[in-house]
1. Considering the stretch 258-269 alone, what residues qualify as being farther than 17 Å from residue 29 by Cα and in contact with a strand residue (DSSP E or B) (Cβ under 6 Å, 6 or more places away or on another chain)?
2. Run down 583, 623 and say which single residue is without any contact (Cβ under 8 Å) to a residue 24 or more places away in the chain and either in the same structural domain as residue 490 (by TED's automatic domain parsing) or assigned to a loop (DSSP other than H, G, I, E, B) (or both).
3. Does residue 255 satisfy the condition of being at positive phi, in the same structural domain as residue 19 (by TED's automatic domain parsing) and crowded, with 24+ Cβ neighbours inside 10 Å?
4. Evaluate the following for residue 481: is it farther than 17 Å from residue 391 by Cα and surrounded by 17 or more Cβ atoms within 10 Å (Cβ to Cβ)?
5. Do we have residue 570 as within 30 Å of residue 325 (Cα to Cα), free of Cβ contacts under 8 Å to residues at least 40 places away in the same chain and more than 25 Å from the chain's Cα centre (by Cα) here?
6. In the stretch 1-29, how many are closer than 17 Å to residue 299 by Cβ, in contact (Cβ under 8 Å) with a residue 60 or more places away in the chain and not in a helix (DSSP H, G or I)?
7. Would you confirm, using the coordinates I've provided, whether residue 168 is crowded, with 24+ Cβ neighbours inside 10 Å, farther than 21 Å from residue 302 by Cβ, out of contact with any helix residue (DSSP H, G or I) (no Cβ under 6 Å at 6 or more places or on another chain) and modelled with pLDDT of 95 or more?
């Protein structure tokens, strides 16, 4: 055993490029962390063919910043600004202000860092494998999480325990990230509430709704040539690497790591074993890779480390990349409200699915293929015959089924779902108050698994009524709350506030103002009045919790709200990480009767709005970047 003091002295004498972490005292012993990386199945980098990036990258890629980067490098042909906007161009006007990509036209980037790129964070929080030989699972999960964020502009938390125990591993098991990704390709990867990570050797018992709460992935890609690895990092995303750990690596703090031959004058450095990590960037000026480790955030620089090129066989073996992730409904549940959502259908897993009223009190299913040039809207079937107003749609963890709640012509609520396995719409019946007089807010919450369905709707006594369904059982009446409520809308959200996630909603009062309500699910579950804002509002509001200012997968983002007033759309947002005040930065559109949906989807961080026009037609509006709203396609009659 060697004390930290002696290692610090050795590093100083050797003029090392790195230093021991400041948290260690001189009298501390060098610690040991769990590893677990096996080289089984790994091939040498030199054995891999070069990658033709022009074949594997398409101009319809979801991330607009990478589209611009690929055009700059000549991987994609130069396309017009209009094409970029239609294909998800988000201008560099997002919060906070953006910096241009590193590297000029046709020039490979000299530095890439996905922790913060173009002003946005892309990498999920640091995890802790906690004494188990499970680095291979952590690196694979970190890759999936990063690519969902990069490709779909949404934070995604996946469970290392789901793949670790799903593959039958125990704490002592070693493995490879490629095998973990192969298992995820065949089985998907679920969230921690479905099955959490634990260092205990327990049975694999995920929740029954696991098939509907898993991110799906295709086959991963092996990357051998160092130049290809950097191009992949520059134009696609992070990559998984294998690394040989030596004893001094456990103590890394700041600086660029290079293995020492001796720890002190009489003690050679020792080889500890293989390890998998996620490379999130590189720096040619400093000659290093930036790695995300799985040893908690008190290792390295808040859980990250800088490793010199070629050090400890980091460049000896193939690295692993991933494209075209397919997020699950649970990941995107806060990102849509109203009559439209973004599903996992289509080549790029980002199709819009919409439901609207149709003649004869029917419902029509619309969908837009967002991987097809021109983005055409298609009419699906009509069904039901008692729909009084536009339905509210979610995609649930019941096998990714579409679920609808709508007010009936007899002042009740009706639940219908589309069984994804058959494509059939199935009627589960009428429920709820007998005096429904508003548009329902509808979510799947995190209570139980499958999560409860929660509905809040205005009733004829000018109150709000809360109803909920536990699992697949019958509906239960909650409480009625509030007074002088004029309008309810698709504005119910379970936010990131507090550990259990507050319920949040906005309604319209008899004074023409909007009223924010929230329920603290960590405490007494009492509905509380929040801010009153706006004036002369006479239509239902639509609200989501978006991604602006959310720094990782557990962080609360801004509330985004759109509502029609005076024939236009008012966009409001609440700065949840700041002063928590509501702001109205933009009013746009014309001939608008009401806002029926709001989505923040895979098109960069764009906001997508569907409105009902005064001529009873549906129309699409969308916002690129932070400021510019565009008038989109008139879709058809409602």
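1. 258, 259
2. Going through 583, 623 in turn, just one is without any contact (Cβ under 8 Å) to a residue 24 or more places away in the chain and either in the same structural domain as residue 490 (by TED's automatic domain parsing) or assigned to a loop (DSSP other than H, G, I, E, B) (or both): 583.
3. Numbers: at positive phi: yes; in the same structural domain as residue 19 (by TED's automatic domain parsing): yes; crowded, with 24+ Cβ neighbours inside 10 Å: no.
In short, no.
4. Spelling it out, residue 481 is indeed farther than 17 Å from residue 391 by Cα and surrounded by 17 or more Cβ atoms within 10 Å (Cβ to Cβ).
5. No; evaluated as a whole, the condition is false for this residue.
6. Going through the stretch 1-29, the residues closer than 17 Å to residue 299 by Cβ turn out to be 4, 7-8, 11, 18-25, 28-29.
So of that shortlist, the ones also in contact (Cβ under 8 Å) with a residue 60 or more places away in the chain come out as 4, 7, 11, 18-24.
Next cut, not in a helix (DSSP H, G or I) only: 18-24.
Matching residues across the stretch 1-29 total 7.
7. So residue 168 fails the test.
Residue by residue, here is whether (1) under 28 Å from residue 401 (Cα atoms); (2) in contact (Cβ under 8 Å) with a residue 12 or more places away in the chain holds:
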{"residue": "455", "(1), (2)": "yes, yes"}
{"residue": "461", "(1), (2)": "no, yes"}
{"residue": "473", "(1), (2)": "yes, no"}
{"residue": "482", "(1), (2)": "no, yes"}
{"residue": "501", "(1), (2)": "yes, yes"}
{"residue": "528", "(1), (2)": "no, no"}
{"residue": "531", "(1), (2)": "no, yes"}
{"residue": "555", "(1), (2)": "yes, yes"}
{"residue": "558", "(1), (2)": "yes, yes"}
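The values are calculated or read from the model by the stated rules, or taken from the named source; none is laboratory data. In this text, all values refer to a predicted model and were calculated from it rather than measured experimentally. Cβ atoms come from the backbone with ideal geometry, glycine included; neighbour counts cover every protein chain shown.
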